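The values are calculated or read from the model by the stated rules, or taken from the named source; none is laboratory data. Worth saying up front: this structure is predicted, and the values here are computed from it rather than measured. Here the Cβ positions follow ideal geometry from the backbone for every residue, glycine too, while neighbour counts run over all protein chains shown. Surface accessibility is based on the protein's heavy atoms, side chains included, excluding ligands, DNA and RNA. Shrake-Rupley method; radii C 1.70, N 1.55, O 1.52, S 1.80 Å.
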Amino acid sequence: MMIYLKTQKLIAAMLLYAASPVWALELQHQRFSDDEIFSAVVNKFKKTLLHRFNSAATGERKPLLVLGSKLTFSTKIKSPSFVHLTQQELVAQQQAVFILITNTGLDAERNALYVEYDIPSNASFGVLRVYPENGVLVAESKDSYRSSSGARATYGKLYDGVACRDNTEMAYRWNYYEDNGLSGRCLDTMFTEFMDYSSR
C-alpha cells in the first residue's frame with residue numbers, strides 16, 4: 001500500500017491540473033472535442049474494457065467511461081466509442097469493468113494533454129499522454145502501474161457499504177477473484193471484501 005500511495009503522489013505531482021473540464025481543447029493549434037479526446041483514451045484500452053466477468057453475457061456493449069470528482073461535465077459526453085456513466089449510475093448498475101478518469105492536465109506548451117486513469121478490473125492505473133499526430137489524437141503511455149491493493153481501493157470507494165445483487169458484473173467479479181468459477185451469486189449481503197480498503 002505504501003508503494004501505491006507514493007506512486008499516486010508522484011502521478012499527482014506530474015500533472016498540471018486543469019481548472020475546468022475538457023469540452024473543446026486546443027493542442028498544437030488544433031481543436032479537439034471531448035468525444036475525440038476521451039475516445040483516444042478509451043481506444044488505448046479497448047480490449048481490456050470489453051472484458052466481462054460474466055462470460056455468458058450476450059449483446060454488443062461499448063466500453064464504460066467514468067469521470068472522477070475533479071472533472072465535472074454539465075451534460076453527458078455523447079460518443080460512438082464509449083458510454084459515459086456517472087459514478088452513481090455505475091454503482092446502481094454494479095458494473096465492474098470501466099475506466100475511471102481521475103484528472104487531466106495540459107503541458108506548458110499546450111502540445112499534449114496528460115490523463116490520469118484507473119482500470120480496477122485489471123488492477124492498472126497510470127498516466128497517458130494524448131497529443132495530435134497527423135491531425136488525429138494519439139494516446140501513449142507515460143506511466144503505467146499494477147496494484148491489486150489499488151484496485152481494491154478504487155472498488156472500495158465506489159462499493160463499500162453497497163448491497164450486492166446477484167448476477168451483476170460486480171457479483172461475477174467477486175466470485176472470479178475468490179476462484180468460485182462462473183457463479184453470479186453474491187458471496188455476502190454487502191461487498192464486505194472492501195471493508196478495510198482504506199488501509200490497504
In nm, what is the difference between 0.36 nm times the number of residues separating Q30 and T58 and their Cα-Cα distance? 6.1 nm
Past 23 Å, Cα to Cα, is the threshold; run K44/K157; K46/K78; K70/K142; K47/K157 against it and keep the listed order. K44/K157; K47/K157
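Suppose all protein chains stay in the model; what accessible area per residue would a 1.4 Å probe give for segment 134-200, in Å²? Mind showing how you got there, number by number?
Values: 3780 Å² over 67 residues.
The answer is 56 Å² per residue.
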P(r), alpha carbons of segment 40-195 - 10 Å bins starting at zero, rounded %: 10, 38, 35, 13, 3, 0
Mind checking which aspartates and glutamates have their C-alpha under 15 Å from K76, skipping anything on the same chain fewer than 8 residues away? D34, D35, E36, E89
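Quickly rank 90-99, 46-55, 143-152 as a protection proxy: mean count of other C-beta atoms within 10 Å, highest first.
On the way: 90-99: 19.5, 46-55: 14.6, 143-152: 16.9.
Sorting 90-99, 46-55, 143-152 by mean packing, highest first, produces 90-99, 143-152, 46-55.
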Output needed for segment 75-116: three equivalent-ellipsoid semi-axes, defined as square roots of 5 times the C-alpha gyration tensor eigenvalues, in descending order, whole Å. 26, 12, 9
Computed FRET efficiency, Cβ-Cβ of V136 and T72, R0 35 Å: what is it to the nearest 0.05? 0.80
Are there GluC sites (Glu not before Pro) in segment 117-200 that DSSP puts in a loop and that have at most 11 other Cβ atoms within 10 Å, and which ones? E178
